[in-house]
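Asks: Take a look at this one; I'll ask things after.
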Amino acid sequence: MLPRDLRTAEAEALASLRSALAGESRGRWTVELRFEGLRLLPVVLRLIGELESGGQPLRLLFPDAGAAALARRDGPELAERISTFSDHLRAPSGTELLILVGASQADYEIVEKVCQAHAGRVVLVNPGLEDAAVGIGSVGRERRRGFLAQWEAAYALIPLDGSALRRAHPLGWELYRLDPDGYRLAASFDHRPDGEERDGALQGAAGGGIGKTLRSVDRLLDGLQR
């Protein structure tokens, strides 16, 4: 079931992340809340506050000094644990949880270095490390097989055109179709479905009867040709 509002989604994300972090000590996890116009920093600070109140040692990292300064201003109680990707790489910490916010494709190399140098768990919040232009070439394929393949979604809530994608660890991925009266579950997956898989599931959910009819016609024609 899709969350009814942002605070419900935050609660789901927190529970899912805690579930994911309860496992292996060197996990690589993502949290995605892809709402258009979402002010991500307040969400991240609330999430971090809940994790820290539960005794989770952590560091919060941002791509640049401006974003880190803004986070220190809005979360003064966390100021000593906030820095940039590059600052952290120059002075790496121990095994506490690293939470990297808003890493873009331009940050790919430094994020990879930060993770390689870190012995503990890492969470990427709303990452954008993949680039469509890079993704079609050998570099993109190498990245998907290597560093990017290490990551698993702890939580994802992603509105799409006429649908929505959700994953809450330890459950699988769920695809919801937007109907006139709201969202309905269209399909479940044990992996993150690509665009072709989503389209197929949505078409099947909307027109299963047509699909069955076409398959019956195929069998009939096949029988007539024998």
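Asks: Can Leu41 be described as within 16 Å of Leu157 (Cα to Cα) and part of a helix (DSSP H, G or I)?
Replies: Values: within 16 Å of Leu157 (Cα to Cα): no; part of a helix (DSSP H, G or I): yes.
Spelling it out, it is not the case that Leu41 is within 16 Å of Leu157 (Cα to Cα) and part of a helix (DSSP H, G or I).
Asks: Here's something else I'd like to know. What pairs can you find where one residue is in the range 60-73 and assigned to a loop (DSSP other than H, G, I, E, B), the other is modelled with pLDDT of 95 or more and acidic (Asp, Glu), and their Cβ atoms are less than 7 Å apart, with a gap of 6+ or different chains?
Replies: That search, which allows pairs on different chains as well, returns Pro63/Asp107.
Asks: Kindly evaluate Arg7 against the criterion of being loosely packed, with under 15 Cβ neighbours inside 10 Å and within 19 Å of the chain's Cα centre (by Cα). Even if it seems obvious, please write down each step before you answer.
Replies: Details: loosely packed, with under 15 Cβ neighbours inside 10 Å: yes; within 19 Å of the chain's Cα centre (by Cα): yes.
Considered against the rule, which asks whether it is loosely packed, with under 15 Cβ neighbours inside 10 Å and within 19 Å of the chain's Cα centre (by Cα), Arg7 comes out as yes.
Asks: Sticking with this one: Taking the range 24-43 as the search range and keeping residues that are basic (Lys, Arg) and over 15 Å from the mean Cα position of the chain (by Cα), which one is nearest to Ala117 (Cα to Cα)?
Replies: Taking the range 24-43 and keeping what is basic (Lys, Arg), we get 26, 28, 34, 39.
With over 15 Å from the mean Cα position of the chain (by Cα) added as a condition, the list becomes 26, 39.
Details: Arg26: 12, Arg39: 30 Å.
This residue is Arg26.
Asks: Evaluate the range 132-144: report whether one residue or more is at pLDDT below 95 and touching a Phe, Trp or Tyr at 6+ places or on another chain (Cβ under 8 Å). Steps first, answer last, please.
Replies: Step one: filter the range 132-144 for residues at pLDDT below 95, giving 132-144.
So of that shortlist, the ones also touching a Phe, Trp or Tyr at 6+ places or on another chain (Cβ under 8 Å) come out as 143.
Yes, the range 132-144 has at least one match.
Asks: Quick one: what pairs do we get from the range 183-196, first residue touching a residue at least 60 places away in the same chain (Cβ under 8 Å), second part of a loop (DSSP other than H, G, I, E, B) and surrounded by 12 or more Cβ atoms within 10 Å (Cβ to Cβ), C-beta under 8 Å, 6+ apart or different chains?
Replies: Here the result reads Tyr183/Leu2, each pair linking the range 183-196 to a residue that is part of a loop (DSSP other than H, G, I, E, B) and surrounded by 12 or more Cβ atoms within 10 Å (Cβ to Cβ).
Asks: Go through the range 1-38 and report how many residues are assigned to a helix (DSSP H, G or I) and of a type in the set (Ser, Thr, Tyr).
Replies: Step one: filter the range 1-38 for residues assigned to a helix (DSSP H, G or I), giving 6-21.
In the following step, the residues that additionally are of a type in the set (Ser, Thr, Tyr) were identified as 8, 16, 19.
Within the range 1-38, residues that are assigned to a helix (DSSP H, G or I) and of a type in the set (Ser, Thr, Tyr) number 3.
Asks: Output the number of residues of the range 33-92 satisfying the condition of being of a type in the set (A, V, I, L, M), under 19 Å from Ala13 (Cβ atoms) and in contact with a Lys or Arg (Cβ under 8 Å, 6 or more places away or on another chain). Break it down into steps so the answer makes sense when it comes.
Replies: The first filter runs over the range 33-92 and keeps only residues of a type in the set (A, V, I, L, M), leaving 33, 38, 40-41, 43-45, 47-48, 51, 58, 60-61, 65, 67-71, 78-79, 82, 89, 91.
The next check asks that each one be under 19 Å from Ala13 (Cβ atoms); those that pass are 33, 38, 40-41, 43-45, 47-48, 51, 58, 60-61, 71, 78.
Subset that is in contact with a Lys or Arg (Cβ under 8 Å, 6 or more places away or on another chain): 51, 58, 60, 78.
Residues flagged as of a type in the set (A, V, I, L, M), under 19 Å from Ala13 (Cβ atoms) and in contact with a Lys or Arg (Cβ under 8 Å, 6 or more places away or on another chain) within the range 33-92 amount to 4.
Asks: Quick one: which residue in Leu21, Leu100, Leu78 is in contact (Cβ under 8 Å) with a residue 24 or more places away in the chain and more than 19 Å from the chain's Cα centre (by Cα)? Don't jump to the end; show me each part of the working.
Replies: Details: Leu21 fails: more than 19 Å from the chain's Cα centre (by Cα); Leu100 fails: more than 19 Å from the chain's Cα centre (by Cα).
The conditions single out Leu78.
Asks: For residues that are polar (S, T, N, Q) and more than 17 Å from Gln150 (Cα to Cα), scanning just the range 13-55, find the one that is modelled with the lowest pLDDT.
Replies: Within the range 13-55, the match that is modelled with the lowest pLDDT is Ser53.
The values are calculated or read from the model by the stated rules, or taken from the named source; none is laboratory data. Small disclaimer: the values here were computed from a predicted structure and weren't measured. Note: ideal-geometry Cβ built from the backbone for every residue, glycine included; neighbour counts use all protein chains shown.
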